[in-house]
Amino acid sequence: MNETTDYEKLRLDVLQQMIEIRSIPFKVYKKDTDTKKGIIELLLLDDQGKYIRETTHEKSEGGYIIGIDFNNKKHMSDISKLIEKKDAYKLNRYCDNRLQYWSNQKLL
């Protein structure tokens, strides 16, 4: 049974908690109607698997731990090229909806 949530009926603070749990960045503005609509759009995209999360770069010894959303085709292609050149490797970790790799350089 595939049950969908009616986000319109939820309060703004509940929507903000949902977006934080899913690790989706969103700035809250003073106009509640614009903020609520924006959050609902992002939650719906995430429900459909169409939301692409930002790529993260975390400083590590001698390089970076790079977290890439598997829906981000450009960055997945870029990291594959680095792996072929032996400038990166897969860490076999999935965290915060991102696959993690180690590289000696950042992705652009």
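In vacuum, with every alpha carbon of the stretch 7-47 counted as one equal point scatterer, what does the Debye formula give for log10 I(q)/I(0) at q = 0.19, 0.21, 0.23, 0.25 Å⁻¹? Two decimals, please.
So the normalised log intensities work out to -0.45, -0.56, -0.68, -0.81.
If you take every residue apart from ILE24 with its C-beta less than 13 Å away from the C-beta of ILE24, what net charge results, scoring Lys and Arg +1 and Asp and Glu -1?
Combined, the nearby Lys, Arg, Asp and Glu give -2.
Which residues' amide hydrogens lie under 5 Å from the amide hydrogen of ALA88, considering only partners 5 or more residues apart or on another chain, with H built in the peptide plane?
ILE83
Please compare each pair in LYS50/LYS74; LYS59/LYS86; LYS50/LYS90; LYS27/LYS90 to a cut-off of 22 Å on the Cα-Cα distance and tell me which ones are over it.
Violating the 22 Å limit, Cα to Cα: LYS50/LYS90; LYS27/LYS90.
Measuring from label point to label point, each 7 Å out along Cα→Cβ, what is the LYS86 to LYS106 span in nm?
2.7 nm
Quick one: Karplus J couplings for the stretch 51-58, per residue in order, coefficients 6.51, -1.76, 1.60, θ = phi - 60°, nearest Hz, x for Gly and Pro?
Karplus values, whole Hz, x for Gly and Pro: 7, 9, 6, 5, 7, 9, 10, 10.
Quick one: net charge of THR55's neighbours, Cβ under 13 Å, K/R +1, D/E -1?
0
Sorted by mean Cβ packing within 10 Å, highest first, what order do the peptides 12-18, 45-51, 61-67 take?
Top to bottom by mean Cβ count within 10 Å: 61-67, 12-18, 45-51.
Once you compute Rg and the Kirkwood Rh from C-alpha atoms, what is the Rg to Rh ratio for the chain?
That ratio equals 1.08.
Throughout, read-outs are computed from the coordinates displayed, never taken from laboratory work. All figures in this text were calculated on a predicted structure; none of them were measured in a lab. Virtual Cβ from ideal backbone geometry, glycine too; neighbours counted across all protein chains shown.
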